[in-house]
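Just below is one structure, and these are the notes that go with it.
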Amino acid sequence: MNTGVLEEVDALRKNDIYATKELKEELQKYLFPASTKDLVLDLSNVTSAFYGILLKNIGEKIWFEHIDEISKKTFYDIGKVKAQQCTEKMESLPRDTRAFFIVLASALYNASPEYSIKSMEYTKEKTVFECSGKDRYLRILNQLGIAKYVTFPTLLAFFDGIRDFLNIRSEMTYDMEINNEKNEVIYIFRFNEETND
């Protein structure tokens, strides 16, 4: 077990009270993530499970054809939130096609450990990057049997949220390969500065 991670999280959990000290130690031994990697993977799995289970419950209660709209709206709003967080933390955040890569990188860095990004072109006028690996949202929707109701890549709406929050004039195209059996994807996103021609 990584005692550094344990000590940091323990400081956040300082107001917790357990029945006994032994119970606390047992829970930490068996249930606490053994490393920072395990902690991030656990958080990622909980986040995607929340998303998938919520969509499944909405589909069962209302109608499954509505969950794509809800998924898109959720990702759109998250894109706006992440763009706002980036502007608050990074004064030099560019308000052009590069922002899509930066905001996505900030979202993936600690939230999607099984997903890799690869910058292919990075200029004001044109930004191209690849996202590949395990798609946690595809995985949970496949597990729940509802992936067919949701548009992939789910990041499309996320990028719309970034674009609208930062008021970026751009056009987006993309290519995708999806392996549903392995829940693996390769997405290539291209953002071009919109011209007034």
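Read-outs throughout are calculated quantities, based only on the coordinates presented, and are distinct from any laboratory measurement. Source: prediction; values computed, not measured. Backbone-built Cβ (ideal geometry, glycine too); neighbour counts: all protein chains shown.
Among the trypsin sites (Lys or Arg not before Pro) in region 1-107, those located in a DSSP loop and surrounded by at most 11 other Cβ atoms within 10 Å of their own Cβ are R13, K14. Basic side chains Lys and Arg get +1 at the Cβ, acidic Asp and Glu get -1 at the Cβ, and with that the dipole of the chain about its Cα centre reaches some 240 debye. Applied to region 181-193, the Karplus parametrisation 6.51 cos²θ - 1.76 cosθ + 1.60 on θ = phi - 60° returns per-residue 3J(HN,Hα) values of 5, 9, 6, 10, 9, 9, 10, 10, 10, 10, 10, 10, 4 Hz, with x for Gly and Pro. The angle between the Cα long axis of helix 155-166 and the longest principal axis of the Cα atoms of the chain comes to about 70 degrees, rounded to the nearest 10.
The label-point distance for E130 and A111, in a model that sets each label 7 Å from Cα toward Cβ, rounds to 2.4 nm. The calculated FRET efficiency for E26 paired with T47, based on their beta-carbon distance and R0 = 22 Å, is about 0.25.
Working from label points 7 Å from Cα in the Cα-to-Cβ sense, the R95 to E194 distance is 1.5 nm. Please say if region 1-94 is rounded, prolate or oblate, where rounded means a/c under 1.5 for a ≥ b ≥ c the square roots of the C-alpha gyration tensor eigenvalues, and otherwise the choice is prolate for a/b larger than b/c and oblate otherwise? Oblate is the answer for region 1-94, as a/c is 1.5 or above yet b/c matches or exceeds a/b.
What do you get for the angle between helix 3-12 and the principal long axis of the chain? Use alpha-carbon atoms, 0 to 90 degrees, nearest ten. So the inclination is approximately 90 degrees.
Helix 21-31 and the longest principal axis of the C-alpha atoms of the chain enclose an angle of approximately 40°. Within the set of other residues whose C-beta is less than 11 Å from the C-beta of S119, count the net charge using Lys and Arg as +1 and Asp and Glu as -1. Net local charge, S119 excluded: 0.
Here region 79-118 and region 119-155 have alpha carbon centers that stand 15 Å from each other. Listed options for Rg/Rh (Cα atoms, Kirkwood Rh) are (i) 1.21; (ii) 1.04; (iii) 1.86. The value calculated from this structure is the one marked (ii). Only Cα pairs under 8 Å and 6+ residues apart enter the sum, and on that basis the relative contact order of the chain stands at 23 percent. Here region 75-158 is assigned +1 on the Cβ of each Lys and Arg and -1 on the Cβ of each Asp and Glu. Its dipole about the Cα centre then comes out at about 140 debye. Cβ-Cβ distance of T36 and D16, R₀ of 22 Å, FRET efficiency by 1/(1 + (r/R0)^6): the value works out to about 0.60. Model label points for E177 and E7, set 7 angstrom from Cα along the Cα-to-Cβ axis, are 4.5 nm apart.
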